1. How high is the relative contact order of the range 104-238, in percent, with contacts defined as C-alpha pairs under 8 Å that are six or more residues apart?
2. Please list, in chain and number order, the residues 5+ apart from Val257 or on another chain whose amide H is under 5 Å from its amide H, with Hs placed from the backbone.
3. Could you work out the mean projected area of the convex hull around the alpha carbons of the range 40-176, in square nanometres to one decimal?
4. Among the aspartates and glutamates, which fall within straight-line cross-link reach of Lys166, defined as a Cα-Cα distance under 13 Å, with same-chain neighbours fewer than 8 residues apart omitted?
5. Work out from phi, with θ = phi - 60° and the Karplus expression 6.51 cos²θ - 1.76 cosθ + 1.60, the ³J(HN,Hα) of each residue of the range 205-212, listed in order in whole Hz, and give x for Gly and Pro.
6. What residues qualify as long-range amide H neighbours of Val66, i.e. H under 5 Å apart, gap of 5 or more or another chain, H built at 1.01 Å from N?
7. Taking the Cα centre of the chain as origin, work out the dipole magnitude from +1 charges on Lys and Arg Cβ and -1 charges on Asp and Glu Cβ, in debye rounded to 20.
8. Rg and Dmax in Å for the range 9-258, alpha carbons only: what are they?
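Read-outs: derived from the displayed coordinates by stated rules, not from any lab. Note that the structure is a prediction, hence the values are computed from the model and not measured. Cβ atoms come from the backbone with ideal geometry, glycine included; neighbour counts cover every protein chain shown.
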Amino acid sequence: MTGRLQDKVVVITGAGSIAAGWGIGKATAVACARAGARVVAADIDGEAAAETARLVADAGGEALAVTVDVACPRSVEALAAAAVERFGRVDVVHNNVGIGRVGGPLDIDIEDWDRTHRTNVTALLIAARAFLPGMRERRSGVFLTTSSIAGQRYVGFPHLAYSVTKAAATHFTRMIAAQYAADGIRAVTIVPGLMDTPRIRLTVARAFPDLPFEELRHKRDQQVPLGTMGDGWDVANAVVFLASEEARYITGTELVVDGGLSLTMNGG
Ligand SMILES: NC(=O)c1ccc[n+]([C@@H]2O[C@H](COP(=O)([O-])OP(=O)(O)OC[C@H]3O[C@@H](n4cnc5c(N)ncnc54)[C@H](O)[C@@H]3O)[C@@H](O)[C@H]2O)c1
């Protein structure tokens, strides 16, 4: 395969999908492989990671599936070591895991709050420690993070832990960009809006138990100026660009992938 990520080694966390269909990490793994990258598909669900690796192989690419818990330093160190052992180096890490239960300050469970911070924010620190030293040595690397417009605005229902951690994820990524620019490392956040991925059936739908799922889907579509939710591929295509040399002058910023949603009064 030839493409804009030819021979790059890309590690994607949350590369499975929480349920059948195309999550963002799963689509990104296949899109990166189609662009010529060798892919490490990492997920806490080993079977989901393996399925993504199979899809990459079906697309003619090469992938290593790794079971990882991004919240656990030893697990992420093992991921980095496995990637280097198999492919020799890591050029791009895409920190794509994000969890969060719906709830506001009065009803949120503190353990859940802590778990969300650990998985969405502390995991970035863990990833930075595992991947930046190798990138710094080679004076080249890309550190990408999936945030959310929930990290910028109120999403119309209380999603506090998720929103706060997504805001922190964006700023964490900017800080990496500032500190490591001189080492040839870029760091960029992708900010998806309302995306039609398998997780919305499990997480967002829980916030609206009385609303039939298709109606919820329709409501999400209606909020978006371009007329529909996006999907995993919309984010995947943005990642391929940001990971590539074509984005070599882009760092310390965010790419919003939201169909214009954040332009609107109720967008969020
Ligand atoms: N779907 C949306 O509308 C939307 C909107 C904005 C941002 N996002 C963000 O995009 C990213 C991907 O979302 P998605 O909809 O594809 O979700 P998803 O839940 O389908 O995919 C996430 C994957 O992460 C894995 N995972 C969960 N905890 C993990 C851990 N501790 N270690 C390793 N893997 C773990 C899950 O097993 C799952 O396969 C998330 O960061 C999410 O917050 C999604």
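1. Values: 143 pairs, mean separation 32.0, N = 135.
Once divided by the residue count of the range 104-238, the mean separation gives 24 percent.
2. Val191, Gly193
3. Details: hull surface 36.6 nm².
About 9.2 nm², averaged over all directions.
4. Glu254
5. Karplus values, whole Hz, x for Gly and Pro: 4, 5, 6, 10, x, 8, 9, x.
6. Ala41, Ala42, Asp43
7. The calculation lands at about 620 debye.
8. Over the range 9-258's Cα set, Rg and Dmax evaluate to 17.1, 54 Å.
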